[in-house]
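As structure tokens, the structure follows; a few thoughts come after it.
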Amino acid sequence: MRNSESSSVNPSVGAGYTPHVLPTQFQDDIDVAGCALDEQLEQMQRHYAAASRAASRAKFEYETLQRRDDIPEHMINQAKRQRAAAETRCARLLSAIEALEDRLENE
């Protein structure tokens, strides 16, 4: 192709091209992607609920072990680490859920 021919091959790339207009052939793909995000959000919410219950149990176990006199210190420290890990997991899942919700709102 000569240079003069290459500029006229695809006229839609030139003047009047609007990148925000989506061809109707991609609408099904967008709907599927939206459904996938919804499903991912629901799954993350279930994981968060389970992690929240685990954090609550870990907190209860830690506090119970702290009150007793016959529990070795290493077991109390392990319960403390488990509680911290469970709370960290909850915080990370909540952050991911909020980010995904923001993404869904902006679509």
ask   = How would you classify region 41-107 from its alpha-carbon gyration tensor, with a ≥ b ≥ c the square roots of the eigenvalues: rounded for a/c under 1.5, else prolate if a/b is greater than b/c, otherwise oblate?
value = prolate
query = Where nothing but the Cβ of Lys and Arg (+1) and of Asp and Glu (-1) is charged, how large is the charge dipole of region 41-107 around its Cα centre, in debye to the nearest 20?
reply = 340 debye
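Rule-based calculations on the coordinates, nothing more; no lab input. Keep in mind that this is a model prediction, so the values were computed, not measured. Note that each Cβ is placed from the backbone with ideal geometry, even for glycine, and that neighbours are counted across all protein chains shown.
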